[in-house]
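The block underneath contains the structure these notes are about, expressed in structure tokens.
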Amino acid sequence: MRTQVGIVGAGPAGMMLAHLLHRAGIDSVVVELRSRHYVQERVRAGVLEQGTRDLMVETGVGARLQRDGITHHGLELRFGGQVHRIDLSDLTGGKSITIYPQGELVKDLTDARIATGAPIYFAAEDVGTHELDSDAPTIRFLVDGQEHQVRCDFIAGCDGFHGITRSSIPASALTIFERTYPFAWLGILAETPPSSEELIYCHHERGFALHSMRTPKLTRLYLQCDPDDDIGNWPDDRIWSELNSRFATDDGWKLNCGPIVQKGITPMRSFVAEPMRFERLLLAGDCAHIVPPTGAKGLNLAIADVRLMASALAEFYKSGSHDLLDLYSQTSLRRVWKVQRFSWWMTSMLHRFPHENSFDQRRQIAELDYVTSSRAAAQSLAENYVGLPFD
Ligand code: FAD
Ligand code: PHB
């Protein structure tokens with residue numbers, strides 16, 4: 001089989017890229033390791049930046065998002081038992097965020113892809129990329145035991161942090177920047193209405209906690225835990241008791257509890273692989289970079305990458321010019337590092353660190369106090385949270 005762009009991975013990056021390329025008249029083949037059901041049911045991100053929402057709507061895949069997405073104009077920072085609202089819309093000239101589960105976004109894009117009739121392979125085994133430095137890099141894989149080979153002009157690595165595309169680049173051609181954090185997030189999905197209309201980022205001496213949501217009947221909650229902790233150590237009662245302690249306010253705020261339908265522990269990491277291109281392989285999303293989830297940025301950054309990549313490929317096929325392709329890594333990385341900085345900053349401000357001393361704790365509280373009392377500081381948080389403008 002021959003195509004213009006071979007896409008490895010059918011997560012947000014891969015499916016948005018396939019969609020944007022189709023709109024630009026560029027052929028692609030998508031190859032995904034997992035089943036369609038698995039990719040859509042995986043519980044992942046929930047917060048879309050204004051620009052991610054706009055892109056879905058402007059490119060014709062936003063109908064369900066407009067109907068079911070929940071628009072938020074602000075968020076809450078909670079510390080010292082007090083609540084402080086950051087008015088995102090007021091601070092950003094009317095921008096907002098949208099709560100819409102990542103699985104639903106992937107479903108919308110996958111439905112659009114399937115409607116075009118263009119090839120997409122799920123449950124592919126032994127996926128490998130070959131001849132990357134030739135004019136026809138190739139993806140080989142098996143489906144139902146049958147071998148497939150796709151010869152491409154370009155390959156887009158959209159296969160997440162544990163995928164194979166980044167590791168198919170010679171180690172000497174990549175520089176890795178990395179930080180791991182001495183904590184993880186225990187995340188749950190509970191069948192109970194959200195306890196607040198907005199997200200709550202909570203700093204507490206027992207550790208960070210986050211209140212989020214998926215639908216008017218489903219609450220998503222996280223709490224900071226030890227990175228080596230086992231989910232088996234966290235029966236439901238212990239989770240609710242810990243969440244109640246951390247979210248407690250001086251005026252007796254109450255958290256809605258209900259059946260926990262999903263729980264898991266996620267490690268926290270900051271990671272960047274540079275450059276985001278090797279010959280005819282272009283990387284996007286989590287396979288090139290990971291941010292700790294405190295800024296709600298991973299999915300949004302993946303979408304920003306493929307937006308740039310699609311424009312660069314469109315220019316190449318329209319005019320034969322390599323200019324945007326040659327700038328792809330450099331341009332993407334400018335945004336990647338700003339988002340890394342913001343995610344690191346939110347993480348550092350809100351979590352307890354094992355070796356911090358009383359000076360560090362006072363400094364953290366002073367930072368939260370500053371962010372919630374200075375318009376300039378709040379504006380800096382807000383413009384990053386709703387999403388920086390595109391280059
Ligand atoms: P992925 O979603 O990882 O998709 C990669 C795809 O490639 C997968 O479907 C995978 O099965 C496939 N694949 C892997 N290996 C192969 C292979 N060998 N061959 C073929 N296919 C392969 N981000 C936000 O923006 N907002 C949030 O609120 C937010 N919250 C989060 C909460 C949690 C608990 C977690 C874990 C993440 C959160 N994120 C958030 C991050 C976000 O989920 C990721 O950044 C996003 O999924 C990245 O998309 P991607 O397409 O790059 O990678
Ligand atoms: C989520 O709803 O899953 C979520 C929200 C905000 C974050 C991270 C995750 O910062």
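The values are calculated or read from the model by the stated rules, or taken from the named source; none is laboratory data. Bear in mind that the values here come from a model prediction, so they are computed numbers and not experimental data. Because the Cβ atoms are built from the backbone with ideal geometry, glycine has one as well, and the counts that use them run over all protein chains shown. SASA here: full protein model, heavy atoms, side chains in, ligands and nucleic acids out. Shrake-Rupley method; radii C 1.70, N 1.55, O 1.52, S 1.80 Å.
See the values below:
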read-out: One residue from Ala190, Ala123, Ala209 being without any contact (Cβ under 8 Å) to a residue 40 or more places away in the chain and either open to solvent by less than 20 Å² (accessible area, probe 1.4 Å) or more than 19 Å from the chain's Cα centre (by Cα) (or both); value: Ala209
read-out: Residue in the range 318-333 that is in contact (Cβ under 8 Å) with a residue 60 or more places away in the chain, open to solvent by less than 10 Å² (accessible area, probe 1.4 Å) and farther than 18 Å from Leu20 by Cβ present; value: no
read-out: Matching residues, the range 227-239, being assigned to a loop (DSSP other than H, G, I, E, B) and open to solvent by 80 Å² or more (accessible area, probe 1.4 Å); value: Asp228, Asp230
read-out: Some residue of the range 130-147 being at pLDDT below 95 and crowded, with 16+ Cβ neighbours inside 10 Å; value: yes
read-out: Test: residue in the range 157-165 that is more than 16 Å from ligand 1 (Cβ to nearest atom) and either modelled with pLDDT of 95 or more or in a loop (DSSP other than H, G, I, E, B) (or both); value: no
read-out: Residue within the range 354-361 that is at pLDDT 95 or above, out of contact with any Gly (no Cβ under 8 Å at 6 or more places or on another chain), hydrophobic (A, V, I, L, M, F, W, C) and over 30 Å from Leu174 (Cβ atoms) present; value: yes
read-out: The range 266-292: number of residues that are within 16 Å of ligand 2 (Cβ to nearest atom) and open to solvent by 50 Å² or more (accessible area, probe 1.4 Å); value: 3
read-out: Within the range 126-137, considering residues that are part of a strand (DSSP E or B) and touching a residue at least 40 places away in the same chain (Cβ under 8 Å), the one farthest from Leu282 (Cα to Cα); value: Val127
read-out: Within the range 267-286, tally of residues that are within 9 Å of ligand 1 (Cβ to nearest atom), closer than 23 Å to Asp135 by Cα and not aliphatic (A, V, I, L, M); value: 0
read-out: Scope the range 257-286; condition of a type outside the set (A, V, I, L, M), over 25 Å from Leu189 (Cβ atoms) and assigned to a strand (DSSP E or B); matching residues; value: Ser270, Phe271, Glu274, Arg277, Phe278
read-out: Evaluation of Asp111 against (1) assigned to a helix (DSSP H, G or I); (2) acidic (Asp, Glu); (3) more than 21 Å from the chain's Cα centre (by Cα) (one fails), failing number; value: (3)
read-out: Unique residue being hydrophobic (A, V, I, L, M, F, W, C), touching an Asp or Glu at 6+ places or on another chain (Cβ under 7 Å) and touching a residue at least 12 places away in the same chain (Cβ under 8 Å) when the list is Ala310, Ala302, Ala314; value: Ala302
read-out: Candidate set from the range 52-86 (those that are surrounded by 14 or more Cβ atoms within 10 Å (Cβ to Cβ) and acidic (Asp, Glu)); member that is nearest to Leu17 (Cα to Cα); value: Asp54
read-out: Residue match in the range 249-266 (condition: more than 16 Å from ligand 1 (Cβ to nearest atom) and aliphatic (A, V, I, L, M)); value: yes
read-out: Subset of the range 148-172 that is within 10 Å of Arg280 (Cα to Cα) and crowded, with 21+ Cβ neighbours inside 10 Å - its residue that is nearest to ligand 2 (Cβ to nearest atom); value: Ala156
read-out: Flag if Thr215 is at pLDDT below 95, open to solvent by 40 Å² or more (accessible area, probe 1.4 Å) and not basic (Lys, Arg); value: yes
